[in-house]
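All remarks here apply to the structure that follows.
The values are calculated or read from the model by the stated rules, or taken from the named source; none is laboratory data. Keep in mind it's a predicted model, so treat the numbers as computed, not measured. All Cβ positions, even for glycine, are placed from backbone atoms using ideal geometry, and neighbour counts span all protein chains on display.
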Amino acid sequence: MKNKYFFIGVTAILVGCFFLGAKFYKDSQQKKLNFLADEKSELFVREHSPRLGNPEAEVVLVEFLDPECESCRAFYPYVKNLMKEFEGKIQLVLRYAPFHGNSKEVIKALEASKKQGKYWQALDVLFATQPKWGSHHNPQVELIYEYLGNIGINVEELKKEMKDPQYEKVIDQDFSDLKALGVKGTPTFFVNGKKLQEFSYDALRALILSEIES
């Protein structure tokens, strides 16, 4: 008789653990999907948006940037540091805010570089060389093709690809979304849809950490 009650007790505990585990899994999955499942999430993340990091990450960091923006260039290393610190827990999504004179051409070049598998390398080199091609006093946007060629991009193919009307649509969509979200400067960050209110590395890190730990 004792063995019978023992078996029943163990079975009850195992069943209870199963349901608790199932609930925890369901809650964790719901947490993961909360932001992207929201009907307004497409304002933050579009199908064409460049993404870096774990596609299953619970935290989505969205940055509206302008490749000709000096502040975007200066802050970019900090973004890379955060991606490294929270590797596996975060996904970076880039959106375009073409506020400067040559931004559209540079954005088209960046987007076209995807066809050659060089998007992130292209972004790195264009930020690194921005003071030369994007000087506000003497902009020389034509120099970007020299710098892109230096990282193995076929510039002639790139220029042909840039003529595709889809890239103009990407820029128009991102500009429409940034207006809807009230983005007025760059860089502007959102973490799981929450706008960074205080522009600083520490504030951005704290917001990311709060979403990871929530």
Checklist line | Residues located in region 175-199, provided they are farther than 29 Å from residue 141 by Cα, under 17 Å from the mean Cα position of the chain (by Cα) and not hydrophobic (A, V, I, L, M, F, W, C) | finding: 192, 193, 194, 195
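Residue by residue, here is whether (1) in contact (Cβ under 8 Å) with a residue 60 or more places away in the chain; (2) surrounded by 12 or more Cβ atoms within 10 Å (Cβ to Cβ) holds:
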site	(1), (2)
154	no, yes
176	no, no
180	yes, no
190	yes, yes
203	no, yes
211	yes, yes
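Residues checked against (1) under 13 Å from residue 106 (Cβ atoms); (2) among the aliphatic types (A, V, I, L, M); (3) surrounded by 12 or more Cβ atoms within 10 Å (Cβ to Cβ):
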site	(1), (2), (3)
124	no, no, yes
129	yes, no, yes
139	yes, no, yes
142	yes, no, no
151	no, yes, yes
165	no, no, no
168	no, no, yes
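Residues are listed down the side, and each one gets a yes or a no for (1) under 24 Å from residue 58 (Cα atoms); (2) assigned to a loop (DSSP other than H, G, I, E, B); (3) at pLDDT 95 or above; (4) touching a strand residue (DSSP E or B) at 6+ places or on another chain (Cβ under 6 Å):
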position	(1), (2), (3), (4)
115	no, no, yes, no
121	no, no, yes, no
139	no, yes, no, no
145	no, no, yes, no
156	no, no, yes, no
161	no, no, yes, no
170	no, no, yes, no
185	no, yes, yes, no
207	yes, no, yes, yes
Notebook entry, point to check: From 202, 164, 172, which residue is within 25 Å of the chain's Cα centre (by Cα), acidic (Asp, Glu) and within 26 Å of residue 82 (Cβ to Cβ)?
Noted result: 202
Margin query: Considering only residues that are assigned to a loop (DSSP other than H, G, I, E, B) and either in contact with a helix residue (DSSP H, G or I) (Cβ under 8 Å, 6 or more places away or on another chain) or surrounded by 15 or more Cβ atoms within 10 Å (Cβ to Cβ) (or both), which ones fall in region 55-93?
Written below: 56, 57, 58, 66, 67, 68, 69, 86, 89
Check: Does region 127-134 contain at least one residue that is touching a strand residue (DSSP E or B) at 6+ places or on another chain (Cβ under 6 Å) and in a loop (DSSP other than H, G, I, E, B)?
Finding: no
Notebook entry, point to check: Residue check, residue 97 against (1) within 22 Å of residue 155 (Cα to Cα); (2) surrounded by 19 or more Cβ atoms within 10 Å (Cβ to Cβ), all met but one. Which one?
Noted result: (1)
